[in-house]
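**Student:** Handing you a structure now.
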Amino acid sequence: QVLLEESGGGLVQPGGSLSLSCAASGPTSGDYNMAWFRQAPGEERRFVAALTGTEIPVHAEAVRGRFTISKDSAGNTLHLRMENLKSEDTAMYYCAAGWSTPLTWEASYEYWGRGTQVTVSA
């Protein structure tokens, strides 16, 4: 079982930047896809960005050009660099890992972290 733990959330002003991290631990079997999803209050969880096992990035249109997904050289920590944050980016951000596609679907991921809150407000 892959264990995922997010960190780095917090309060930031509009236009500001924040970096999230997701530490993965536990036994693994091959390269799995990893992703970030977010859920705002009263809304469904939505895809933000994913990194395939071969490290090909995919970003949702809503964050393209502002957010960047990456992984550290050891391959154990997933990052999400968020810039030019907007109020609509306020949400709980979740890290996920899995082997299925499409990358944008929640059902493609078997493992989930507990989330980290990002609040964008003046």
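The values are calculated or read from the model by the stated rules, or taken from the named source; none is laboratory data. Here the structure is a predicted model, which is why all the values come from computation and not from measurement. Neighbour counts are summed over all protein chains in view; Cβ atoms, including those assigned to glycine, are modelled from backbone coordinates with ideal geometry. Heads up: the accessible areas ignore ligands, DNA and RNA and are worked out on the full protein's heavy atoms, side chains in. Shrake-Rupley method; radii C 1.70, N 1.55, O 1.52, S 1.80 Å.
**Student:** Rounded to whole Å and ordered largest first, report the semi-axes of the equivalent ellipsoid of segment 25-76 derived from its Cα gyration tensor (root of 5λ).
**Tutor:** 23, 14, 9
**Student:** With all protein chains present, how much of the accessible area of the chain (probe radius 1.4 Å) comes from carbon and sulfur, to the nearest whole percent?
**Tutor:** Carbon plus sulfur share of accessible area: 47 percent.
**Student:** Would you mind working out the accessible area per residue for the chain, using a 1.4 Å probe, and quoting it in Å²? Present the calculation step by step, with values, prior to reporting the outcome.
**Tutor:** On the way: 6370 Å² over 122 residues.
Solvent-accessible surface per residue comes out at 52 Å².
**Student:** Report the residue, chosen from THR101, THR54, THR77, that carries the largest GNM mean-square fluctuation when the chain is represented by alpha-carbon nodes joined by springs under 10 Å.
**Tutor:** Result: THR54 has the largest fluctuation of those listed.
**Student:** Between LYS86 and GLU106, what is 0.36 nm times their sequence separation minus the Cα-Cα distance? Round to one decimal in nm. Could you put the intermediate results ahead of the total?
**Tutor:** Values: separation 20, 0.36 × 20 = 7.20 nm, distance 2.37 nm.
Gain on extension, LYS86 to GLU106, equals 4.8 nm.
**Student:** For the chain, give the magnitude of the charge dipole about the Cα centre (Cβ charges: +1 Lys/Arg, -1 Asp/Glu; no others), in debye to the nearest 20.
**Tutor:** 200
**Student:** Which three semi-axes in whole Å describe the equivalent ellipsoid of segment 43-122, each the square root of 5 times a Cα gyration tensor eigenvalue, listed largest first?
**Tutor:** Semi-axes, largest first: 21, 15, 12 Å.
**Student:** Quick one: pull the percentage of alpha-carbon pairs in segment 1-41 with a separation above 15 Å. The partial results should precede the final answer.
**Tutor:** On the way: 466 of 820 pairs.
In whole percent, the share of Cα-Cα pairs in segment 1-41 beyond 15 Å is 57.
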